[in-house]
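Reading through the structure tokens given below for one structure.
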């Protein structure tokens, strides 16, 4: 089992180390296309190796708490001011890395199987919407939103987010339209 | 979870009104005054002082580095304009201008003093360097200003002028093109009687 996962875990650990060293500080594009996905995937993989304790499952009824946490944390760390605050405060940098791994990736993996179809659809819609919203903000705000990030890099990150959001939405709609998905209303 | 995370997002965007940290801090300073941090500096005359000693007079603080090829000169020009607008307050010690270099590796007392001389009279205008990274970090956290090494000789950094009230709290942050608003705010703070310099 581990060799397959190590393909995800190893880059995730490298991304966490690079993130701790501030390697993504000057590029929104790298942060959005490599850092955040790698950290989230690392958390997702860790959840498969270390399942959540039962006490956590009790306060994660229907996966709602975990999915809400994941969505809001992801949104928080896409806000430019929060990303800049990380550059000033070392504790915030640690909080960002840990929360993207465990608050988003891990929480998503342990909550997804518990969630019903409706909650999953709502989460996917919100995730796609969030990517497109931030993508549009990065694209169309005339000034640079993060310190040390060039406007061309910000626009590129905006395009990546918009394209990812639209791709996510299209993929979701395909599943939504498929009869198999709509029949399985129990979330299985 | 919703309340805690929603509160964090609310704070990070100053109530969904801004996305960039500079703007968020600007809104925060206008609404909720932030006291000056404990941070010691070395002035261009070699004197050590705590930035909280600015309390008792109106002050304008800016952050710069002497090798800056762009915005620092603009901020310095704004300070020079304010200096010319309020000669009486400067002479009475009721208005203090303070330029703080954040380039601990390259700037020293001599360099920052030479930088100030580019803009004319030294009256009421002090240049200083933080006494080490600890003081610099304390200033960064309170003022919310960023320093970002861009890889070449330039350094991306926040370009605000911070207004300090006689109570030693930051009451506003202004862009270089907001000199008129800054001057009006200084005028408003200088107007009350009984604020003699320390």
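Laboratory data are not the source of any read-out in this text; all were calculated from the coordinates shown. What you see is a predicted model; the values in this text were computed from it and never measured. Because the Cβ atoms are built from the backbone with ideal geometry, glycine has one as well, and the counts that use them run over all protein chains shown.
Just a few scattered comments:
- Packing, as the average of other Cβ atoms within 10 Å across residues, places the peptides A:147-158, B:45-56 in the order A:147-158, B:45-56, highest first.
- Springs join every pair of Cα atoms under 10 Å in this Gaussian network model of chain A, and among A:23, A:122, A:70 the largest mean-square fluctuation is at A:122.
- Computed FRET value (nearest 0.05) for residue B:16 with residue A:8, which takes r as the C-beta separation and R₀ as 51 Å: 0.90
- For chain B, calculated [θ]222 nm from helices alone, where every DSSP H run of n ≥ 4 adds -39500 (n - 2.57): -11000 deg cm²/dmol
- Gyration tensor verdict on segment B:97-184 (Cα atoms; rounded if a/c is under 1.5, prolate if a/b is larger than b/c, oblate otherwise): rounded
- Relative packing of peptides B:20-27, B:113-120 - highest average C-beta neighbours within 10 Å first: B:20-27, B:113-120
- Value at 222 nm in deg cm²/dmol, rounded to 500, when DSSP H runs of n ≥ 4 in chain A each add -39,500 (n - 2.57): -22000 deg cm²/dmol
- Mean per-residue shielding of peptide B:135-146 is 2, counting Cβ atoms of other chains within 10 Å of each Cβ.
- Difference of contour (0.36 nm per residue) and Cα-Cα distance, residue B:4 to residue B:91: 26.4 nm
- With a 10 Å cut-off around each Cβ of B:11-21, the average count of Cβ atoms from other chains is 6.
- Value of relative contact order over chain B, rounded to a whole percent, pairs C-alpha under 8 Å and six or more apart: 30 percent
- Spin-label model, residue A:61/residue B:169: points 7 Å from Cα along the beta carbon direction are separated by 4.3 nm.
- Relative contact order (percent, whole number), segment B:78-129, Cα cutoff 8 Å, 6+ residue spacing: 46 percent
- Rounded to the nearest 5, the antiparallel percentage of DSSP beta bridges internal to the protein assembly as shown is 65%.
- Placing a pseudo-label 7 Å from each Cα along the Cα-to-Cβ vector at residue B:104 and residue A:21 gives an inter-label distance of 2.2 nm.
- Percent of beta bridges antiparallel (DSSP, segment B:4-137, rounded to nearest 5): 35 percent
- Counting, for every residue in A:140-150, the Cβ atoms of other protein chains within 10 Å of its Cβ and taking the mean gives 4.
- Value of relative contact order over chain A, rounded to a whole percent, pairs C-alpha under 8 Å and six or more apart: 27 percent
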